[in-house]
Amino acid sequence: MKILFPVILVFFSLLNANPIFTNEQIEKLEQKAYSKYKNNNDFKKVIEPNIKNLALQYWQSEILKEIKVSEKETKNWYSRNKGKIKVLPQIRLRNILVDNKLAATDLFKRLSATPMKERLSSFLYAVNTYSKDGNKKNGGDNGWLTSIQFQKLFNVSLTSKKAGDLFVVKNNFGWQVVLVEATKPQKIANYNEAKKEIENILKREKLFELLKKQL
C-alpha cells in the first residue's frame, strides 16, 4: 500500500472545511484512524520523515520566541543598510459591488461622465445607493493596499492607475466598479516603517547561528 502524504493533508483540509462534521466528530475520527494505522509499517514510513520536519519547524519556532533583538541592534542595522528596505507602492480604493456585468458597465459609464472634482462625491452616493458589499457603510473604502495586495485582489497592474481612475473588474467577490482615490509611490522606508522587518531579519540571522552550533 502506498500513501501520498500531501493527498492526506488535502483530504483532511476538506474534511475540516465540511460543515457536516463538528470539531469533536473530526477529533473522534482522527483518533480512530490513528488507532487503526499507528502500527502499520507503510503508515510509519510515510509519517516519519514529516514528523522530523515538523519537529524541526517547531524547534525553530520555540527558539525564535526566546531570541531578543535590542533597539540598538535594529538602529545599527538600519544605519548600515539604509535604503535596502522600501515601502511598496500603495493605492487607496473604494468599490461598489453589483449583481452583474451589465450593471457594472452601466454604472461605470455614468460615473465616468462626472467631472473629476465631483467624482468622489458621486461615487459615494452610488456606493450608498447600489452597492451590495458589506463595507458600503464605510463608503466602500478598502483602505491602503500595497501593489502586491492590489494585484492579487483585482488582477490589475497598479502602475497603470492614478487618482480619480475608475475601472470595472470581476473577482471572487463578484462584479465591481472601483474608484482609485489616491496612490503613493514606492519609497525608502524610514526607521519606524522598517523596524519590524529589521527585527525579523536579525532574529533569523541569530536563529541560523544557533542552529549551526547544533551541527
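Observations
- The set of residues from the stretch 61-83 being in a loop (DSSP other than H, G, I, E, B), in contact (Cβ under 8 Å) with a residue 12 or more places away in the chain and open to solvent by 50 Å² or more (accessible area, probe 1.4 Å) comprises just one member, 82.
For every residue, the table says whether it meets (1) within 11 Å of residue 177 (Cα to Cα); (2) open to solvent by 60 Å² or more (accessible area, probe 1.4 Å).
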| residue | (1), (2) |
| --- | --- |
| 85 | no, no |
| 101 | yes, yes |
| 119 | no, no |
| 138 | no, yes |
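- Residues of the stretch 6-26 include none that is open to solvent by 50 Å² or more (accessible area, probe 1.4 Å) and modelled with pLDDT of 85 or more.
Quick grid of which residues meet (1) among the hydroxyl-bearing types (Ser, Thr, Tyr); (2) part of a strand (DSSP E or B); (3) touching a strand residue (DSSP E or B) at 6+ places or on another chain (Cβ under 7 Å):
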| position | (1), (2), (3) |
| --- | --- |
| 132 | no, no, yes |
| 156 | no, no, yes |
| 163 | no, no, yes |
| 175 | no, yes, yes |
| 215 | no, no, no |
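- Some residue of the stretch 122-139 being of a type in the set (Val, Ile, Thr), out of contact with any Phe, Trp or Tyr (no Cβ under 7 Å at 6 or more places or on another chain) and over 11 Å from residue 96 (Cα atoms): no
- Residues considered: 26, 47, 51. Of these, the only one that is in a helix (DSSP H, G or I), in contact (Cβ under 8 Å) with a residue 40 or more places away in the chain, at negative phi and aliphatic (A, V, I, L, M) is 47.
- Residue 93 being surrounded by 12 or more Cβ atoms within 10 Å (Cβ to Cβ), not polar (S, T, N, Q) and not in a helix (DSSP H, G or I): yes
- Between 127, 168, the distinction of being touching a Gly at 6+ places or on another chain (Cβ under 8 Å), at pLDDT 85 or above, aliphatic (A, V, I, L, M) and surrounded by 15 or more Cβ atoms within 10 Å (Cβ to Cβ) belongs to 127 only.
- Meets criteria (at negative phi, of a type in the set (A, V, I, L, M) and either at pLDDT below 90 or assigned to a helix (DSSP H, G or I) (or both)) for residue 182: no
- Note on the stretch 185-204: residues that are in a helix (DSSP H, G or I) and surrounded by fewer than 13 Cβ atoms within 10 Å (Cβ to Cβ) amount to 3.
- Residues of the stretch 171-184 satisfying the condition of being in contact (Cβ under 8 Å) with a residue 12 or more places away in the chain and either open to solvent by less than 50 Å² (accessible area, probe 1.4 Å) or not basic (Lys, Arg) (or both): 171, 173, 174, 175, 176, 177, 178, 179, 180, 181, 182, 183
The values are calculated or read from the model by the stated rules, or taken from the named source; none is laboratory data. Please read these numbers as outputs of a predicted model, since none were measured by experiment. Quick reminder, even Gly has a Cβ in these numbers, built from the backbone with ideal geometry, and neighbours come from all protein chains shown. We work out accessible area using only protein heavy atoms, side chains counted, and drop any ligands, DNA or RNA first. Shrake-Rupley method; radii C 1.70, N 1.55, O 1.52, S 1.80 Å.
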